[in-house]
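Structure first, then comments.
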Amino acid sequence: MKAVTPPAPSSTRDRLLDAAAGLIAGDGWAAVTMGKLAAHVGVSRQTVYNELGSKAELAEALLLRETERFAERVGEVVAAHPGSAAEGVTAAFRETLEAARADPLLLIALGCSQGGRDDFLPLLTTRPEGVLARSVDTVSALFARCYPEAGLTRSEWTVAVEAFVRLLLSHLVQPSGSVAHASGQMRWVIGRMLGA
């Protein structure tokens, strides 16, 4: 996948991405067409192509935006827990789990079935740099920078964050209890890992 440079803010682009997210959440990726996007936003099909490019580029733009939003949420949580990696990581886990349970696009992007409307998932698995890899890279860098006292290298944080994300996915796909229960498990794991 080619490197994606975020474009300058565009209200038309944002409206198109919002409309695409709504279509995916309601009817699945297969239901998204450039014509439907144009109709939803009240622009021409050519405008849709000018703003987003192909349907594959639309998917890439949606995934990039979702990843950026995820990283922003985690950054805000970490900022609220300075100097305490165990508490910050646990809070980030809890916030992400709550957000994913409430956000149909994030559920689909993470590979959780939405009543069979999970046809967006193949776009993730066929891309060499999917949401998982981007998210792990972004969050591990954040944790390494914000929690130096934890004594983990960047590569160690990368391994840990991937394990945390996979635990999060497990709780999304097959919940075994409440968000508080899952967060308690995460707190125990990170506490044991850091000796905190």
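The values are calculated or read from the model by the stated rules, or taken from the named source; none is laboratory data. The shown structure was predicted, so the numbers you read here are calculated from the model rather than taken from an experiment. So basically every Cβ, Gly included, is an ideal-geometry build from the backbone, and we count neighbours across all protein chains shown.
Things worth noting here:
- Looking at Ala61, Ala92, just one residue is at pLDDT 80 or above, crowded, with 20+ Cβ neighbours inside 10 Å, more than 24 Å from His171 (Cα to Cα) and in the same structural domain as Leu168 (by TED's automatic domain parsing), and that residue is Ala61.
- Filter result for Thr125 (modelled with pLDDT under 85, hydroxyl-bearing (Ser, Thr, Tyr), in the same structural domain as Glu66 (by TED's automatic domain parsing) and loosely packed, with under 13 Cβ neighbours inside 10 Å): yes
- Contacts under 6 angstrom Cβ, first residue in segment 172-194 being at negative phi and among the aromatic types (Phe, Trp, Tyr), partner in a helix (DSSP H, G or I) and surrounded by 15 or more Cβ atoms within 10 Å (Cβ to Cβ), 6 or more apart: none
- Pairs linking a residue in segment 8-36 that is farther than 15 Å from Asp103 by Cβ and modelled with pLDDT of 85 or more to a residue that is part of a helix (DSSP H, G or I) and among the hydroxyl-bearing types (Ser, Thr, Tyr), with Cβ atoms under 9 Å and 6 or more positions apart or on different chains, are Thr12/Thr47; Leu16/Thr47; Met34/Tyr49.
- Checking each residue in segment 169-184 for being surrounded by fewer than 16 Cβ atoms within 10 Å (Cβ to Cβ), among the polar types (S, T, N, Q) and assigned to a helix (DSSP H, G or I) picks out only Ser170.
- Restricting the first member to segment 139-168 and to residues that are surrounded by 15 or more Cβ atoms within 10 Å (Cβ to Cβ), and the second to residues that are not in a helix (DSSP H, G or I), the beta-carbon pairs closer than 7 Å and six or more apart or on different chains are Ala144/Leu152; Ala160/Leu152.
- When residues in segment 19-39 are screened for being surrounded by fewer than 16 Cβ atoms within 10 Å (Cβ to Cβ) and part of a helix (DSSP H, G or I), 7 of them pass.
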